[in-house]
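**Student:** Below is a structure I'd like to ask you about.
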Amino acid sequence: MRILITLGVTLFSVASFAADAQTDALPTTSTTEAPISMPVKTTAVPDAIVATLKTILRDYDSIKNSISISPAVIGGLYEVAIGMEVLYISADGQYFMTGSIHNAATREDVTANKLNAARKATLSKVDEKDLIVFAPKGETKFTVDIFTDVDCPYCSKIHNEVKELNAKGVKVRYFAYPRAGITSNTYKKMVSVWCAKDQQQALTDVKAGKDIPETTCNNPVIKLYALGQEIGVTGTPAIVLSNGEIIPGYVPADRLITHLESANL
């Protein structure tokens, strides 16, 4: 779930913004969702930063323990991370901005790298027993996590290429992500897949348009769906690489393999 309205890279004056703080405050995540753990640097945070956050964030007091604040790579700015959102606030608290900071020499997206690290840390805590895994018969050279929906045409398309991925040493781990929500027929299908004795075959059959027996059990589908929302998945397929980078949408197997090999992921 997105925490902050995307404001681009424009600087905003907190003084003018505060005038309508009651009606125009930026939305925050539900407090019922576990926050993504972001790396925190131990440093004194200026009171002005906290005051600004209280002005621009709804329910600051209820989410303050999930907020990470540290000096940004640009002097005079502080980086504030809340879930999968990052904003920057001037040290005097007068201005805030959203968007990415890039290293001019390397063209590296510093902000994206931080979010990727947070996403990677979150996914590393997932028990692989909760996933449907298609592993290579030989050496596993790469691992990709795919958030999938059984009624998504492009999810079926990429699934048809899993054998090609496996042949090149790519391990595919499927996470359930019923786009229509947990009250949908898609959700029921995905529960049946995750509860099937042969999960791989059930997933393959459903993606091919075949019917499978409807069944239920103690399953992780809701948990995986919530996890996808937490790390910024907005559609399917969503491919997450081992460094935490997320690729939205379908990517042909040959192009994905080339990317994995060139980036040494």
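The values are calculated or read from the model by the stated rules, or taken from the named source; none is laboratory data. Predicted model only: the values in this text are computed from it and were never measured. When we count neighbours, we look across all protein chains shown, and the Cβ atoms used for this are built from the backbone with ideal geometry, even at glycine.
**Student:** Could you tell me which numbered condition Val150 fails, if it satisfies all but one of (1) within 20 Å of the chain's Cα centre (by Cα); (2) part of a loop (DSSP other than H, G, I, E, B); (3) surrounded by fewer than 21 Cβ atoms within 10 Å (Cβ to Cβ); (4) among the aliphatic types (A, V, I, L, M)?
**Tutor:** The number of the failed condition is (3).
**Student:** Check Val133 against each of (1) assigned to a loop (DSSP other than H, G, I, E, B); (2) assigned by TED's automatic domain parsing to the domain that holds Val193 and name the one condition it does not meet.
**Tutor:** Here Val133 meets the rest and fails (1).
**Student:** Is the stretch 242-263 home to any residue that is in a strand (DSSP E or B), in contact (Cβ under 8 Å) with a residue 12 or more places away in the chain, over 17 Å from Pro178 (Cβ atoms) and of a type in the set (A, V, I, L, M, F, W, C)?
**Tutor:** yes
**Student:** Can you work out which of the residues in the stretch 73-87 that are closer than 28 Å to Val233 by Cα and surrounded by fewer than 21 Cβ atoms within 10 Å (Cβ to Cβ) is nearest to the chain's Cα centre (by Cα)? So that I can check it myself, show each step before the final result.
**Tutor:** Looking only at the stretch 73-87, we keep the residues that are closer than 28 Å to Val233 by Cα, and these are 73, 78-87.
Subset that is surrounded by fewer than 21 Cβ atoms within 10 Å (Cβ to Cβ): 73, 85.
Details: Val73: 23, Glu85: 10 Å.
My answer is Glu85.
**Student:** Scan the stretch 88-101 and tell me whether some residue there is modelled with pLDDT of 95 or more, part of a strand (DSSP E or B) and in the same structural domain as Gly244 (by TED's automatic domain parsing).
**Tutor:** no
**Student:** Separate question: If Thr204 satisfies all but one of (1) of a type in the set (Ser, Thr, Tyr); (2) part of a loop (DSSP other than H, G, I, E, B); (3) more than 24 Å from the chain's Cα centre (by Cα), what's the number of the condition it fails?
**Tutor:** (2)
**Student:** Next up: Which one of these does Ala121 not meet: (1) at pLDDT 95 or above; (2) at negative phi?
**Tutor:** Among (1) at pLDDT 95 or above; (2) at negative phi, the lone unmet condition for Ala121 is (1).
**Student:** Here is a follow-up. For the stretch 59-72, how many residues are part of a loop (DSSP other than H, G, I, E, B) and surrounded by fewer than 16 Cβ atoms within 10 Å (Cβ to Cβ)?
**Tutor:** If we filter the stretch 59-72 for residues that are part of a loop (DSSP other than H, G, I, E, B), which is where we start, we get 59, 72.
Next, from what is left, pick out any that are surrounded by fewer than 16 Cβ atoms within 10 Å (Cβ to Cβ): 59.
Of the residues in that region, 1 qualify.
**Student:** Looking only at the stretch 137-146, filter to residues that are of a type outside the set (Ser, Thr, Tyr) and crowded, with 17+ Cβ neighbours inside 10 Å; which one of those is farthest from Glu230 (Cα to Cα)?
**Tutor:** That would be Phe142.
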